[in-house]
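Everything below concerns the one structure shown next.
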Amino acid sequence: MRSTLTFLLVAGWVALLGAQEPEVTLDVSPREIGINETLKFQITISNGPRGRAPSFPNGFDGGDFRLIQSQPSTSSQTSIRNGVVSSVTSYTYYLRANKQGTFTFPAQTVQVGSERYTSKPVQITVGDQVTSVPRGQRRSPWSSFSDPPQRQQRQQYEIFAEMETPRNTYYLGEAIPLAIKVYRTQGLNINGNGSSMDLPDFTDFWVEDVDRETWQDTAIRDNKRYQVDTLAERVLYANKAGTFKIPETRFNLNVQVGNSFFANRQMVERFTNALELEIKPLPDQGKPAGFTNLVGTFKLKGELDKNELKQGESLSLKLIVEGNGNFTAVRDFDLEYLKRDFEIYPGGTPDTEKKGGMVARKSWVYALVPKNAGEQSIALPQLSFFDPDKKEYRMTPEKALSINVLPGEVLDGGRLTAGRERGEIIAEQNLSYIKLGDLGEIGTTVRLTSPMVLAQLAGAVLFADLLLFLGLSLRHRGLAFRHANRGRFAYKQFLKQVSGLSNKEGEAFYAGLHDAMMSFFGDKWDRPGQGLSLEIIRTTFEKKGYPTEGCEAVAACIESIEMARYTGSSAASRDQLLDKAKAAIKTCDEVMA
């Protein structure tokens, strides 16, 4: 009986809905947006057919706007008032402008059921990029006590991004330092989970990564102080002369105000400015012979590992290039001009040293064997380069190193005892033979002829079993002791966990480091580390009355981990982050002792 009554009520509501004429509203908002904001085209249907989305019989025409998603966001609501059932369903399409200016959003024809509805063209003004972040409603039940209303209304949070180079004009082959930075007001934080950065294609450039950790700084803009996160650094080298445009870098950032668990999080889109660079060709006038397109400022020096040696012995010649520029154009040196007086043996791949993440020094090692005795001079090679500051070709000055070569000892027949020109090896004079007969019998089989040997062997096996049993027993007792005192050994266990992270990279490194830090606090408080969060750690520190510097150090480290997760990283930056985590955990271990 009850099911029958329910069916009749539902059937009555459906009949009432079917009896009402559907109302369709088409709306475009807002009429003024920033280039990084979204435009909404919303279809609202009152008392329309259920379960059937509206269609565009003529297709969707966005004009100067592009759809972010092909499928709309849908919401519906049903209400009963005075026995009358009504429903409202809305379909929202989100669009983004292709460029700044004033544009007309075209009329759209929408079909709902068998009827068609057409909107009016709407004029939309697209302005500059919006940098402000709307302050959402706090989720904390006691938020009204944590921040005065006057302060909440007064605070304005901003975040924007920039792509920077020192200047806009460079020479072909000159190093172009490029930095991508995000500026944010104090108190606005970026959460690495969900954030992403889309770097542009550097089509007309050779690109080198700058091997440096993501770092933070502060800057003043329009009398406002900003936290500056340098998220990516590159060094560009133009492949050809001309004027080239580097597109903007786009960000989708998961931002929040403060570090509280109840802080409101929201996704914002930001993008940097585009860059236009003018690349000048290198001048033909004054170009030296054998020029290798080396551009920058450089110095060359040489070092010898000894000042005196005997004829036939070897010495090491180290050639060092230091400076600022495209070190990739510094090629191996040709020392053919020294072969009249020396035998030359290259030392292989050159060593490089970096400063500020960029190559600042390159060195080669050559082995030289003098052919003649006496005072010898080793002329250093010269390096030609184009100096973009002085706008001229330059060459390193002529330099020479001196060594004293003593006569070498000779064998019978005038042959040298050292060096390549020793002559033939003479038996009984340069070789010593090993007489195998003097070693006795080798490889003979040991025969177990006595029962006493077998008894000794059995005793040895029994003794080994006893040692194994004792060892396992001691290990079990040791593990039980460590578990009972896991808080005392938490820091050592942390160091053991992170000891293998130096060979890992990417998510494996960051996840491993984060888990090791949480496991430390789990060991300290005798609980699993997987369920811990930064908010739990903060709360526990407050309850136990620990000094806050340890917790703040951990918070800064976790924020660096989250930031590095969606930016490029290098071995050097990961090592720096690992050292920062070790220091933070050590501080916590000391304040919690």
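At a glance:
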quantity: Scan of the stretch 113-144 for residues that are closer than 30 Å to F271 by Cα and either charged (D, E, K, R) or modelled with pLDDT of 85 or more (or both), ordered by number; calculated: P121, V122, Q123, I124, T125, V126, G127, D128, R135, R138, R139
quantity: Residue list for the stretch 50-89, filter: assigned to a strand (DSSP E or B) and aliphatic (A, V, I, L, M); calculated: L67, I80, V84, V85, V88
quantity: Selected residue (only one of A219, A232 is in contact with a Ser or Thr (Cβ under 8 Å, 6 or more places away or on another chain), at negative phi and either without any contact (Cβ under 8 Å) to a residue 12 or more places away in the chain or small (G, A, S) (or both)); calculated: A232
quantity: Test for T102: is it closer than 30 Å to E158 by Cβ, open to solvent by 80 Å² or more (accessible area, probe 1.4 Å) and of a type in the set (S, T, Y); calculated: yes
quantity: Restricting the stretch 567-593 to residues that are touching a Lys or Arg at 6+ places or on another chain (Cβ under 8 Å) and not in a helix (DSSP H, G or I), the residue that is modelled with the highest pLDDT; calculated: M592
quantity: Qualifying residues in the stretch 290-335 (those that are among the β-branched types (V, I, T) and not in a strand (DSSP E or B)) - the one nearest to the chain's Cα centre (by Cα); calculated: T328
quantity: Hits in the stretch 118-129 - residues which are buried (at least 17 other Cβ atoms within 10 Å of the Cβ) and over 44 Å from the mean Cα position of the chain (by Cα); calculated: S119
quantity: Members of the stretch 195-205 found to be open to solvent by 50 Å² or more (accessible area, probe 1.4 Å) and farther than 25 Å from R574 by Cβ, listed by number; calculated: D201, T203
quantity: Within the stretch 351-386, tally of residues that are touching a Leu at 6+ places or on another chain (Cβ under 9 Å) and part of a loop (DSSP other than H, G, I, E, B); calculated: 5
quantity: Positions within the stretch 21-68 being within 22 Å of F103 (Cβ to Cβ), open to solvent by 50 Å² or more (accessible area, probe 1.4 Å) and free of Cβ contacts under 8 Å to residues at least 12 places away in the same chain, in sequence order; calculated: P30
quantity: Residue in the stretch 90-112 that is at positive phi, at pLDDT 85 or above and assigned to a strand (DSSP E or B) present; calculated: yes
quantity: Members of the stretch 439-488 that are at pLDDT 80 or above and either closer than 30 Å to M592 by Cα or charged (D, E, K, R) (or both); calculated: D465
quantity: Selection within the stretch 526-537 - at pLDDT 80 or above and surrounded by 16 or more Cβ atoms within 10 Å (Cβ to Cβ); calculated: I537
quantity: Close pairs (6 angstrom Cβ cut-off, 6 or more residues apart or separate chains): at negative phi in the stretch 570-593, β-branched (V, I, T) and assigned to a helix (DSSP H, G or I) anywhere; calculated: A584/V554
quantity: Count of residues meeting criterion [closer than 30 Å to T131 by Cα and in a loop (DSSP other than H, G, I, E, B)] in the stretch 230-289; calculated: 13
quantity: Residue, least open to solvent (accessible area, probe 1.4 Å), within the stretch 271-292, restricted to residues that are polar (S, T, N, Q) and in contact with a strand residue (DSSP E or B) (Cβ under 8 Å, 6 or more places away or on another chain); calculated: T272
quantity: So G356, is it out of contact with any strand residue (DSSP E or B) (no Cβ under 6 Å at 6 or more places or on another chain) and either open to solvent by less than 30 Å² (accessible area, probe 1.4 Å) or small (G, A, S) (or both); calculated: yes
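The values are calculated or read from the model by the stated rules, or taken from the named source; none is laboratory data. Owing to the predicted nature of the structure, the values given are computational and were not obtained by experimental measurement. Quick reminder, even Gly has a Cβ in these numbers, built from the backbone with ideal geometry, and neighbours come from all protein chains shown. Calculation scope for accessible area: heavy atoms of the full protein, side chains included, ligands and nucleic acids excluded. Shrake-Rupley method; radii C 1.70, N 1.55, O 1.52, S 1.80 Å.
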